[in-house]
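J.: Quick one: this structure, given as structure tokens, is what I'll be asking you about.
Nothing in this text is a laboratory measurement; each read-out follows from the coordinates by a stated rule. Bear in mind that the values here come from a model prediction, so they are computed numbers and not experimental data. For neighbour counting, all protein chains shown are included, and Cβ atoms are generated from backbone atoms with ideal geometry for every residue, glycine included.
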Amino acid sequence: MQKIIPNLWFDSNAQEAAEYYLSVFKDGKIINITYYPNSETEGLADFQKDFAGKVLTVEFEILGMRFIGINAGPIFKFNEAISLMIPCKDQTEIDYYWEALTSGGGQESVCGWLKDRYGLSWQVSPENWAELNKRPGAFKKMMGMKKIIIADF
């Protein structure tokens, strides 16, 4: 069993997000869905009343890694302080993940970084990025890119 499971905070669309990630990463599945209790007598706090009976958590797996998405309201948002890196074997794979994760409202950043439609940050990078960065001028080239273009190194 995976010893650390990232828990991703969503406002109210954790299941939608999990299904989206499963469409991007073809090797995945939903493992479990839990629900908020249906009434205050079952333990809901006042701020949770709007969640009664709705999805609480979605546990899912992509590429062998487990995640939990939790619906907990708009209190916290994702930011760039944490990102998920996808080491890609070639430009075709970089292009696929870049297009899939920026589609539907995602945002490009720099150096292979992007935010998906839910605001989660990703790094779409060549699996040999450490080797590429040893080449003369590589850092400057990388800083000038949004999506990484391997041939430009």
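J.: Over the range 83-152, what is the mean sequence separation of C-alpha contacts under 8 Å (at least six apart), divided by residue count, expressed as relative contact order in percent?
T.: Reported as a whole number, the value is 37 percent.
J.: Any idea what angle helix 91-102 forms with the longest principal axis of the chain, computed on alpha-carbon atoms, 0 to 90 degrees, nearest 10?
T.: With rounding to tens, the tilt is 40 degrees.
J.: For the pairs Lys26/Lys49; Lys54/Lys77; Lys29/Lys115; Lys77/Lys140; Lys29/Lys54, flag any whose C-alpha to C-alpha distance is greater than 29 Å. Let's see the in-between values first.
T.: Working: Lys26/Lys49 35 Å; Lys54/Lys77 20 Å; Lys29/Lys115 22 Å; Lys77/Lys140 31 Å; Lys29/Lys54 20 Å.
Too far apart for the 29 Å limit: Lys26/Lys49; Lys77/Lys140.
J.: While we're here: Express in whole angstrom the spacing between the alpha-carbon centres of the range 89-104 and the range 12-29.
T.: What the calculation gives is 16 Å, centre to centre.
J.: If you don't mind, there's one more thing I want to ask. Please give me, ordered by residue number, the chymotrypsin sites (Phe, Trp or Tyr not before Pro) of the range 18-106 that lie in loop per DSSP and have at most 13 other Cβ atoms within 10 Å. Could the numbers behind the result be given before it?
T.: Working: sites: Tyr20, Tyr21, Phe25, Tyr35, Phe47, Phe51, Phe60, Phe67, Phe76, Phe78, Tyr96, Tyr97, Trp98; in loops: Phe25, Phe76, Phe78.
Answer by residue number: Phe76.
J.: Once the dipole of the chain is set up with Lys and Arg at +1 and Asp and Glu at -1 on Cβ about the Cα centre, which of Pro136, Gly119, Ile94 lies farthest towards its positive end?
T.: Pro136
J.: Just the Cα atoms of the chain, one point each, no solvent: what log10 I(q)/I(0) does Debye give at q = 0.20, 0.21 Å⁻¹?
T.: -1.24, -1.32
J.: Give the Cα extents of the range 83-152 along the principal axes, in whole Å, largest first.
T.: 36, 21, 18
J.: Here's a follow-up. Over 13 Å apart: what share of the alpha carbon pairs of the range 7-71 falls there, rounded to a whole percent?
T.: 61 percent
J.: Longest exposed-loop-site-free stretch of the chain, with GluC sites (Glu not before Pro), DSSP loop and at most 15 other Cβ within 10 Å?
T.: Here the longest segment lacking exposed loop sites spans 1-79.
J.: What angle, in degrees between 0 and 90 and rounded to the nearest 10, separates the Cα long axis of helix 14-24 from the longest principal axis of the Cα atoms of the chain?
T.: The two axes meet at around 30 degrees.
J.: Measuring from label point to label point, each 7 Å out along Cα→Cβ, what is the Ile30 to Lys54 span in nm?
T.: Roughly 1.6 nm, to one decimal.
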